[in-house]
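Below: one structure, written as structure tokens.
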Amino acid sequence: MDWKLTKSLYIIVFLLMNIALLYIYVYEHRESVNEIEQSPDILSRTDINMSNIEEYEPVEMNILTGAVEDFSSQDVLRQEVEPEHVRGTEIVVEFEESGPTMVERNLENYTDEYVYRGEEYKYDEMMSTGDRFIFNQVYEDFPIFNHEAARIIFEGEGRQVKLMEQTRLTNLQENEYTLNIQAKPPVEVVEELYVSEEISDEAVINDARLGYYIILSGDENVMLRPKWELNITDEGETRTLYVDATTDSGEIIESE
């Protein structure tokens, strides 16, 4: 695959798509836009609960590009990882009785001390379960959400870890063809979800995290867009949604 050509074509399509989306946003959804602009405190007229959301500190973000790391091609790994644990783009370790325990703090310490580039990963409480602990790779402290190419998974039975799988993105950098844009505050994203009837006026926003989501993945290369991850309980159902943090594309991705 010619990645440079693919990336250039993607940028062109991306720009055209955003122009089209801007047209739709301005002309076809004028009533919704006016409602938000004229009522900046629109959520105060609902019972939407955002008390769990921390105060937002404005930050500028950009689209990222990177590559899926092939561990088998890294000479440095020969000193840090046992060769039998390397399986191309994965590091897989099977434990018997000497492995770590399925406790968050223990796995955080183990990841920092014993896992290859472990300091680049952070525990994902939202996506972890009792027998499956997930650590997301981060870029400048922002997590890379919900993708098999940028995380560590610990699986276990009871308190004992039985298996660790690691993947990693390398050469992460801001896209040279796009600009840094200030991320929208979570209250604005929630307003958009409410106005578009994606959530009701009684929704509870359990958590909101700012990070990156992989939107384009080739054989080796990836492109990531800034996203808000919102965990929402609404009408008896809990969902995790990923919403664009710097554009008004209207794209909403729901975690399976």
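Here, each number is a calculation from the coordinates, and none is a lab measurement. Here the structure is a predicted model, which means the values were calculated and not measured. Neighbour counts are summed over all protein chains in view; Cβ atoms, including those assigned to glycine, are modelled from backbone coordinates with ideal geometry.
Determine the equivalent ellipsoid of region 68-170 by diagonalising the alpha-carbon gyration tensor, then write out the semi-axes as square roots of 5 times the eigenvalues, largest first, rounded to whole Å.
The answer is 20, 17, 11 Å, longest axis first.
Put a dot 7 Å past each Cα toward the Cβ at GLU96 and LEU179; how far apart are the dots in nm?
The answer from the label model is 6.1 nm.
With every atom except the alpha carbons ignored, what do you get for Rg and Dmax of region 138-256, in angstroms?
16.3, 48
Any idea what the dipole of region 68-170 comes to, in debye rounded to 20, about its Cα centre with Lys/Arg Cβ at +1 and Asp/Glu Cβ at -1?
Dipole of region 68-170, to the nearest 20 debye: 120 debye.
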